[in-house]
1. Yes or no: ALA138 within 11 Å of the chain's Cα centre (by Cα), crowded, with 18+ Cβ neighbours inside 10 Å and in contact (Cβ under 8 Å) with a residue 24 or more places away in the chain?
2. Hey, among the residues in region 75-113 that are among the hydroxyl-bearing types (Ser, Thr, Tyr) and outside any helix (DSSP H, G or I), which one's farthest from HIS45 (Cα to Cα)?
3. With respect to SER129, determine if the residue is under 25 Å from ASP142 (Cβ atoms) and not in a loop (DSSP other than H, G, I, E, B).
4. Just give me the residues in region 72-86 being under 22 Å from GLN59 (Cα atoms) and either without any contact (Cβ under 8 Å) to a residue 40 or more places away in the chain or over 14 Å from the mean Cα position of the chain (by Cα) (or both), in sequence order.
5. Can you tell me which residue in region 91-104 is farthest from ALA73 (Cα to Cα), limited to those that are surrounded by 16 or more Cβ atoms within 10 Å (Cβ to Cβ) and not hydroxyl-bearing (Ser, Thr, Tyr)?
6. List every residue pair whose Cβ atoms sit under 8 Å apart, with the two residues 6 or more apart in sequence or on different chains, where the first one lies in region 96-109 and is more than 21 Å from VAL38 (Cβ to Cβ) and the second, anywhere, is open to solvent by 20 Å² or more (accessible area, probe 1.4 Å) and at pLDDT 95 or above.
Amino acid sequence: SCQGWPPAVSSDGCTDGHVVDDTLATSSVESTSPLVSVIVLTYNHEPFVGEALQSILQQRLDAAMEVIIADDASTDGTRSVIGQVATAVPRVQLLSTPVNLGAQRNLRRALSVATGRYVAMLEGDDYWSDPDKIRLQAALLDNDPTLSASGHLTNELWMLTDGTSMSNGKLERG
């Protein structure tokens with residue numbers, strides 16, 4: 001397997017052009033299979049990815065969780081921020097690639113290494129505001145075998161350059 005930080009292109013066993021950083025992958029690894037695999041897709045998310053990873057750290061889950069960060073050949077400081085924060089995240093894997101794969105291929109390679117019973121998605125430029133999100137959604141799925149997915153409501157806020165804002169699709173003058 002491939003090693004090194006930041007990840008470099010290697011041909012020694014890495015498949016689909018991605019690099020797995022074993023240094024991060026083996027830090028604080030638990031011996032049980034994870035209940036949840038959190039997949040974080042990143043591409044040039046330097047200003048945001050630290051907050052995304054912090055929101056994962058704040059999750060209150062009484063079960064094993066793995067974090068798979070799939071960076072799609074970021075050209076900014078995304079991988080540097082990931083390296084600073086990810087060492088505090090138990091059971092983390094960084095998938096890196098020398099060429100941009102696009103969102104679908106990046107997601108497929110992340111899903112191919114996920115081992116959790118459930119998969120939670122978090123984009124690298126987003127964050128979770130509820131520290132019980134994963135616990136509540138996993139409990140919901142555990143308690144109702146007729147369910148195959150769980151989601152949540154979101155609040156959208158866009159600040160526009162003219163000083164106006166949009167909240168949940170409605171223009172607000174302020």
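1. Details: within 11 Å of the chain's Cα centre (by Cα): no; crowded, with 18+ Cβ neighbours inside 10 Å: yes; in contact (Cβ under 8 Å) with a residue 24 or more places away in the chain: yes.
So ALA138 does not fit the description; no.
2. Here is the first cut: in region 75-113, the residues among the hydroxyl-bearing types (Ser, Thr, Tyr) are 75, 78, 80, 87, 96-97, 112.
So of that shortlist, the ones also outside any helix (DSSP H, G or I) come out as 75, 87, 96-97.
On the way: THR75: 10, THR87: 18, SER96: 14, THR97: 15 Å.
Out of the qualifying residues, it is THR87.
3. Details: under 25 Å from ASP142 (Cβ atoms): yes; not in a loop (DSSP other than H, G, I, E, B): no.
For SER129, the condition - under 25 Å from ASP142 (Cβ atoms) and not in a loop (DSSP other than H, G, I, E, B) - is not met.
4. Within region 72-86, VAL81, GLN84, VAL85 qualify.
5. Taking region 91-104 first, the residues surrounded by 16 or more Cβ atoms within 10 Å (Cβ to Cβ) are 91-97, 101.
This time we only want the ones that are not hydroxyl-bearing (Ser, Thr, Tyr), so: 91-95, 101.
Values: ARG91: 22, VAL92: 18, GLN93: 16, LEU94: 12, LEU95: 10, LEU101: 8 Å.
Ranking the candidates gives ARG91 first.
6. Pairs found: ASN100/TYR43.
The values are calculated or read from the model by the stated rules, or taken from the named source; none is laboratory data. On a predicted model such as this, the values are computed, not experimentally measured, just so you know. A quick note on method: Cβ atoms are made from the backbone with ideal geometry, for glycine too, and the neighbour counts reach across all protein chains shown. Accessible surface is based on the protein model in full, side chains and every heavy atom, while ligands, DNA and RNA are left aside. Shrake-Rupley method; radii C 1.70, N 1.55, O 1.52, S 1.80 Å.
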